Structure formats: structure tokens, C-alpha cells
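The values are calculated or read from the model by the stated rules, or taken from the named source; none is laboratory data. Values in this document were obtained by computation on a predicted structure and should not be read as measured data. With ideal geometry, Cβ positions are generated from the backbone for all residues, glycine too; neighbour counts draw on all protein chains shown. Quick note on the areas: whole protein, heavy atoms, side chains included, nothing else; ligands and nucleic acids left out. Shrake-Rupley method; radii C 1.70, N 1.55, O 1.52, S 1.80 Å.
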Amino acid sequence: MRRKLSHFGDWAGVAGLWIVAVAIGFDLGAASAQTGTPQIARPASSNSPVVTGGSGQYYFEFRSRQAWDYGHTFVVFGRVGEAPSKRNVAGLSPKGDDPSMWVMGHYVPVPSDTGWTDGDLEDRYITSRYRVLVSKEQYDRTVAYIRQLQAKSTTWSVEMYNCNAFVADIANFMGLKAPSSTWIYPRVFVTNMRKINTGHPEAANELVSENVKEMSNPTRDGRAMISAGMIKSDGAPTGGSASPPHVTIGAVRVTNRAANSAAASEPHTP
């Protein structure tokens, strides 16, 4: 089953970034006690311009999107000018909609999904994106790699491998640089990837500070928006805006690969 953005029981939306929660001082028990929280309404995202690099008639677009907690990192690909289908989405998440899966994933690897999740193809939820144009040859080669990666990525683990690591593997295969740490918010991960690959060498040194800044972003996720008084826990926007989209949890994942020495050397910001 696929996750519903409007279904608050979708705990995959929190799982991937549990490490972020620990870094900010959240208690895991408090985070996992949200099952009874009602739906929330959140405004559409308006700060996700498409920044393009490379050349060619095909593309790979690295994206982050909103969710109840922290967000989700994934990649969309296809031919320029053609709308992508669900098959053109790749990302890593705990399998299915069972809330216990994300809990277990904090202790042992759990079965994973590697494709589309609800909200991935809706622009209103996108928080950052980086599009890379490629030739048909490069496209076919990378898609083949993604299919292989999906086939072998059969488990998800907070500690060992989750969505940022999955996306970093695709970026590295394409010859792109990926952020040195995967213990960061999805929006920061994608934004930093875009910067370090488009002539902003200083971005590599700004990763930690940008992640800390995101911690206090009032539109970071549903929980932050409630804390900032922008929306109520019953789903009503405090500003009275007309019919904003309803979304609570989407799929989310971050990664902290044990083999990532750079991540290990950084402070435990998500």
C-alpha cells in the first residue's frame, strides 16, 4: 500500500529523520506518541525553483518535500517536457503503512519500498529541487543503475541506510557530489547538493550551519508549523486562508551510513 499524505498514521513520514529528532533533543517516545494527533493543514510550498545543470533532452531531478516530520528525499526522472509517472520516481522508505515498521527500523533493518510515495509528484509539497539534464545514453545508463539499486535495496535502517544515502548513491553514480553528511534535513540535503554542484564551493562548509538554521524554520514540517502558531492541531490554519491542502505525513528518510566517515566526524546535527 502507498502512503496517504492525508493519513496521519503514516509513520514513515517521521522515521527516516529520527536521527534529526535526537539531534534537536526530541525524545523518541514523544515522537512516536503522535498516532492520535489529528490532521493538519499546511500551505503549498512556494520556494522550490527548478535549478538546472548539464545539458540534454533527459533529466534527473533530486527533490525534497514536506511531511509531518522533516520530509523526504527522492529523485524523479524522465524526458524533458513529458510529465513523469509514478514509475519515474525512486526513493527509499520502510515498506507499507504499518507504523511498527519505522519503530523497528531504529533497531534493526526492516523491509523497504523504493518507489513513489504519495506527494512525490505534487509541486505544492516540494521544498527543494535540483535538476540535471543528460543525454539519452547517460539517461539509460543511470536508469539501469537506479533499477539495480532498487532491486538490491531491500531494507531500510535509520542507522545504516535510508533516503538521503539512497539518493547520494544515485548522485555519485552520475558523477555528482553529494553532501558529506546524510544526517540532515531533506531540504538542506538537496539544496546543498545543488550548490556544491553548481559553482558554490563554500556550500560544503555551510552544511552544518544551514541544517541548524532549518531546525528553527517555522515551515519546516507540520510539527514546526503548529509550534509557530501557523496552523492548529485540529487542521485549521490560524490565518484563515481558504482551503489549504491537507497533509500530515508523507514518506521520509535520512541516512547516516556507518561507512560515512565524514558524517561521523560532524556534530550530530540530524
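The figures follow:
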{"quantity": "Where Leu176, Leu92 fall by accessible area, highest first, once all protein chains stay in place (1.4 Å)", "calculated": "Leu176, Leu92"}
{"quantity": "Solvent-accessible area of Asp140 with every protein chain in place, 1.4 Å probe, in Å² to the nearest 10", "calculated": "70 Å²"}
{"quantity": "Rounded if a/c under 1.5, otherwise prolate or oblate - the stretch 117-190, Cα gyration tensor axes", "calculated": "rounded"}
{"quantity": "Sequence-distant lysines (8 or more away, or on other chains) whose Cα lies within less than 30 Å of Lys195", "calculated": "Lys86, Lys136, Lys152, Lys177, Lys213"}
{"quantity": "Peptides 127-133, 110-116, 53-59 ordered by average Cβ neighbours within 10 Å, highest first", "calculated": "127-133, 110-116, 53-59"}
{"quantity": "Length gained when the stretch Leu149-Asp98 is fully extended (0.36 nm per residue, less Cα-Cα span)", "calculated": "16.0 nm"}
{"quantity": "Relative packing of 189-196, 102-109, which averages over residues the other C-beta atoms within 10 Å, highest first", "calculated": "189-196, 102-109"}
{"quantity": "Solvent-accessible area per residue, Å², over the stretch 58-141 with all protein chains present [probe radius 1.4 Å]", "calculated": "37 Å²"}
{"quantity": "Sequence of Ser135, Ser227 from largest to smallest accessible area, 1.4 Å probe", "calculated": "Ser227, Ser135"}
{"quantity": "Gyration tensor (alpha-carbon) shape descriptor, the stretch 40-177, a/c threshold 1.5", "calculated": "oblate"}
{"quantity": "Local net charge near Phe62, Cβ-Cβ under 9 Å (Lys/Arg +1, Asp/Glu -1)", "calculated": "+3"}
